[in-house]
Amino acid sequence: MLRTPVHGTRLDILEWLKDPAAHFPPEHHADVVAHGVRVELVAAKLGVSRRAAGTHLDLLASIGLLRTGGIRGRTYYRRDEVRIAEVARMFEKGW
């Protein structure tokens, strides 16, 4: 797998997380809008293993485009809108 942030699958994930309620089923213990989504939900939507989805999510989190949080021992991922806006501005300036 390419280790670059610009990858079709990763762009899809970022797009889905803009409006998680429209793309993922509701969670019993967490609000997908407020808390984010679990790796299992992303894996199911992508049709890949949990490990493959986790690799994408972890890369996006490591470069700051996603934030993570935990509820009941599970990790949830959501967009970091401030960081995404910063990166977008860098590209607009010709970074």
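The values are calculated or read from the model by the stated rules, or taken from the named source; none is laboratory data. Here the structure is a predicted model, which is why all the values come from computation and not from measurement. Positions of Cβ are generated from backbone atoms using ideal geometry, with glycine treated the same way; all protein chains shown enter the neighbour counts.
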Among the residues of segment 42-95 satisfying the criterion of being among the aliphatic types (A, V, I, L, M) and touching a Pro at 6+ places or on another chain (Cβ under 8 Å), which is surrounded by the fewest Cβ atoms within 10 Å (Cβ to Cβ)?
I63
Assess whether T9 counts as being over 15 Å from E81 (Cα atoms), touching a His at 6+ places or on another chain (Cβ under 7 Å) and of a type outside the set (K, R).
yes
Return only the number of the condition from (1) under 12 Å from the mean Cα position of the chain (by Cα); (2) assigned to a loop (DSSP other than H, G, I, E, B); (3) touching a residue at least 40 places away in the same chain (Cβ under 8 Å) that I84 does not satisfy.
(2)
Segment 56-81 - residue that is without any contact (Cβ under 8 Å) to a residue 24 or more places away in the chain and either of a type in the set (A, V, I, L, M, F, W, C) or not in a strand (DSSP E or B) (or both) and, of those, farthest from A43 (Cα to Cα):
E81
I need every pair where a residue in segment 11-29 that is without any contact (Cβ under 8 Å) to a residue 40 or more places away in the chain and within 15 Å of V39 (Cβ to Cβ) has its Cβ under 8 Å from the Cβ of a residue that is aromatic (F, W, Y) and part of a helix (DSSP H, G or I), sequence separation at least 6 or different chains.
H23/W16; F24/W16
Exactly one of A43, A21 is farther than 24 Å from V87 by Cα, assigned to a helix (DSSP H, G or I) and at pLDDT below 95, and that one is A21
Given the options E27, E15, name the one that is part of a helix (DSSP H, G or I) and not β-branched (V, I, T).
E15
Here are the criteria: (1) assigned to a helix (DSSP H, G or I); (2) of a type in the set (K, R); (3) in contact with a strand residue (DSSP E or B) (Cβ under 9 Å, 6 or more places away or on another chain). Tell me which single one R51 does not satisfy.
(3)
